[in-house]
Amino acid sequence: MTHWILKVKLKLMPLLDVQHLSVSFVHNGQRKHVVQDLSFVLEPGETLGLVGESGSGKSVSCLALLGLLPQPPAKVEGGRAFFEGIDLLQVSEKRLGKIRGQSMGIVFQDPSSSLNPYLTIGSQLAEGLIAHTNMGRRAARLKCIEALEAVGIADAGVRLNEYPHVFSGGMRQRVMIAMALLLNPQLLIADEPTTALDVTVQAQILSLLKTRQAALGTAMILVTHDLGVAARMCDRLILLRQGKVEEAGTAEAIFYAPQSLYAKELLAAVPTLPAIV
Amino acid sequence: MLQLIIRRLLQAIPVLFLIATATFFLIHLAPGGPFHQERPLSPQVLEALNAHYGLNDPWIVQYGRYLNHLLHGELGPSYGHPGHTVNELIAQSLPVSIELGLWAWVFSLIVGIPLGVWAAEKQHRWFDRVCSTVSTLGLCLPTFVLGPLLMLGLAVGLGIGNVCGWGSWEDRLLPVLTLGLVHAAYVLRLTRGGMLEVLNQDFIRTARAKGLSGWTVLFKHALRGGLLSVVAFAGPQLSALVTGSFVVETIFHIPGLGRHFVQAAFNRDYTLILGTTLLYGALIIVMNLMADLMQAWLNPRLRVSML
Ligand SMILES: Nc1ncnc2c1ncn2[C@@H]1O[C@H](COP(=O)(O)OP(=O)(O)OP(=O)(O)O)[C@@H](O)[C@H]1O
Ligand SMILES: [Mg+2]
């Protein structure tokens, strides 16, 4: 039923429609174009992979969409980014904050620095809920316990009162995922969510992301420089190189029949065929 | 918690003992004695005085006697203020210095912290630049320049506050400002630096990503971390302020502890030097303990390692 409604909505308007996004940085008095003419469309529930080597502008693109770039030194040179019809690049700071808090979840690269060491896990989880819904403290707490359990953290009621430093890296990333999905956002942006983690933990976190995303019907932008991971997690891929789109298409097409030399090089760097999660 | 406090206070005893010992022998090594003055006393009088205070005994005997007094809470008779004990002198002047120091301390925090937070929030904007310039100026300006300037500007020029004495609140205004402004500049810079460091951290970006208001991000997420260095500074700062600021007390004729500190050293008033030095040491120990407790309260990671 909801699926059907989603499909109708899907026909009408994509969830996110990015057109010609360009971002530059001023560094040592010089302007450097870091993202150039990035365009893509993201449908509800879909997963888009942003792939590229270090410094290719993946994080900057995401931060630009979220309005979290430090401006200055960054500057959005042009482009539009319609999220449910609202241009994220034009809307007021206040309005954007609300959209971000309510409808977008973000998981950053390094879980050890993205949680506030001075506040308990519980207060960091609950504050978004309390700010954007009319939920009271007690209800928010229950919801947080639920969310922590959903990402596989046992004894959630106790752990809410603990500080991030007693959590392991993998657990912190689980907390970040719980936090990002707490308000059932339409869009989840995961910026290299597993690079800072142990290899065994990486697989767990990726499959957790996939199951939670499927359960909630969230669309996702997954940033990674691992084409193998991208191919198994994503419907479509965008290959970025030095801020420009090198190749775009479905995951299968790029993985099995890469067109650009860059894609072939990236693929050659992937050691084995990916196992399906 | 209580255990920590008790442990730290017990650790203070050997420290104070060391301070007493080192100070005792250092001042006795210094040439001259309490009764050497520009106009020499007659040898008989000098001899009588030295005999009366036991200054002819070997150092080690004098040292033992002093420690014995100390154990009974006696800091001994003052050589420079005949008829007064060091305990009396401190009891008279310490409250004055404490009051001056506390006001200046409170002033510096109330002014320095909000301005520092705001300067960090507005980094590189005009407000920040004004704050940076003024606080640099404040740091360069010694109190013996600032004091007279304030006297001229405020008291003489605008008729606000008095230039000397320690009775009414008008008397207190200028000395507190003189002493407080310099420290406010310190606090401002520390706050700004600490806040800037925290505001650049990833978890601030996370907080922003949650769509929290600017105020919540600033005060709930950034302030704690940003104030850690201020807290570490504010403890020792208070002990320095409270043990008397000789310059300010001299400029404004305030009967505080600071003048004893300096005069005692000039006059070789052995017991008074020892008394004020010990007091300073004890205050520093207590204030540092408070600063540590405060930091632990702010920072959960410290809390674990301390207890
Ligand atoms: N604050 C900044 N100041 C100046 N240049 C910046 C800043 N942040 C990013 N850049 C530049 O923008 C470019 C793209 O950076 P970005 O962080 O998007 O790379 P990335 O693709 O996410 O790389 P990685 O895989 O290492 O995370 C880089 O060349 C980087 O030097
Ligand atoms: Mg990145």
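The values are calculated or read from the model by the stated rules, or taken from the named source; none is laboratory data. This one's a predicted model, so the numbers in the text were calculated from it and none came from an experiment. Note: ideal-geometry Cβ built from the backbone for every residue, glycine included; neighbour counts use all protein chains shown.
Summary of values
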| read-out | value |
| --- | --- |
| Filter result for residue A:257 (surrounded by 15 or more Cβ atoms within 10 Å (Cβ to Cβ) and farther than 20 Å from residue A:101 by Cβ) | no |
| Test result for residue A:262, aromatic (Phe, Trp, Tyr) and either within 16 Å of ligand 2 (Cβ to nearest atom) or in contact with a Lys or Arg (Cβ under 6 Å, 6 or more places away or on another chain) (or both) | yes |
| All helices (runs of 4 or more DSSP H) inside the range B:1-71 with 2 or more residues being aromatic (Phe, Trp, Tyr) | B:2-29, B:59-71 |
| Enumeration of residues in the range A:205-256 that are hydrophobic (A, V, I, L, M, F, W, C) and within 15 Å of ligand 1 (Cβ to nearest atom) | A:221, A:222, A:223, A:227, A:229, A:230, A:237, A:238, A:239, A:240, A:245 |
| Residues being surrounded by fewer than 17 Cβ atoms within 10 Å (Cβ to Cβ) and within 9 Å of chain A (Cβ to nearest Cβ) - total across the range B:196-232 | 5 |
| Matching residues, the range A:44-58, being surrounded by 18 or more Cβ atoms within 10 Å (Cβ to Cβ) and either within 16 Å of ligand 2 (Cβ to nearest atom) or not hydroxyl-bearing (Ser, Thr, Tyr) (or both) | A:44, A:45, A:46, A:48, A:49, A:50, A:51, A:52, A:56, A:57, A:58 |
| Selection from the range A:24-52 of residues that are within 12 Å of ligand 1 (Cβ to nearest atom) and among the hydrophobic types (A, V, I, L, M, F, W, C) | A:25, A:26, A:34, A:35, A:38, A:50, A:51 |
| Subset tally (residues that are free of Cβ contacts under 8 Å to residues at least 60 places away in the same chain and in a loop (DSSP other than H, G, I, E, B)) for the range A:227-258 | 2 |
| Output for the range A:103-142, where each listed residue is polar (S, T, N, Q) and either facing chain B (nearest Cβ under 7 Å) or assigned to a loop (DSSP other than H, G, I, E, B) (or both) | A:109, A:112, A:113, A:114, A:116, A:120, A:133, A:134 |
| Lone unmet requirement of (1) of a type in the set (S, T, N, Q); (2) farther than 23 Å from residue A:186 by Cα; (3) within 16 Å of ligand 1 (Cβ to nearest atom) for residue A:114 | (2) |
| Filter result (more than 17 Å from residue B:7 (Cβ to Cβ), without any contact (Cβ under 8 Å) to a residue 60 or more places away in the chain, surrounded by 16 or more Cβ atoms within 10 Å (Cβ to Cβ) and within 14 Å of chain A (Cβ to nearest Cβ)) within the range B:252-307 | B:300 |
| Test: residue in the range A:210-225 that is within 16 Å of ligand 2 (Cβ to nearest atom), over 22 Å from residue A:17 (Cα atoms) and surrounded by fewer than 20 Cβ atoms within 10 Å (Cβ to Cβ) | yes |
| Filter result for residue A:100 (more than 16 Å from ligand 2 (Cβ to nearest atom), basic (Lys, Arg), surrounded by fewer than 23 Cβ atoms within 10 Å (Cβ to Cβ) and under 28 Å from residue A:24 (Cα atoms)) | no |
| Which numbered condition residue A:97 fails, given (1) within 13 Å of chain B (Cβ to nearest Cβ); (2) touching a Lys or Arg at 6+ places or on another chain (Cβ under 7 Å) | (2) |
| Qualifying residue in the range B:181-195 (condition: within 11 Å of chain A (Cβ to nearest Cβ), part of a helix (DSSP H, G or I) and not polar (S, T, N, Q)) | no |
| Candidate set from the range A:70-86 (those that are within 8 Å of ligand 1 (Cβ to nearest atom) and not in a strand (DSSP E or B)); member that is farthest from residue A:214 (Cα to Cα) | A:73 |
| Looking only at the range A:191-208, and only at residues there that are under 21 Å from residue B:205 (Cα atoms) and more than 12 Å from chain B (Cβ to nearest Cβ), the one that is nearest to ligand 2 (Cβ to nearest atom) | A:192 |
| Qualifying positions in the range A:178-187 - farther than 18 Å from residue A:124 by Cα and either at pLDDT 90 or above or within 15 Å of ligand 1 (Cβ to nearest atom) (or both) | A:187 |
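Table: residues versus (1) touching a helix residue (DSSP H, G or I) at 6+ places or on another chain (Cβ under 8 Å); (2) closer than 27 Å to residue A:181 by Cβ; (3) without any contact (Cβ under 8 Å) to a residue 24 or more places away in the chain.
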site: B:156; (1), (2), (3): no, no, yes
site: B:164; (1), (2), (3): yes, no, no
site: B:178; (1), (2), (3): yes, no, no
site: B:188; (1), (2), (3): yes, no, no
site: B:199; (1), (2), (3): yes, yes, no
site: B:207; (1), (2), (3): yes, yes, yes
site: B:212; (1), (2), (3): yes, yes, yes
site: B:223; (1), (2), (3): yes, no, no
site: B:233; (1), (2), (3): yes, no, no
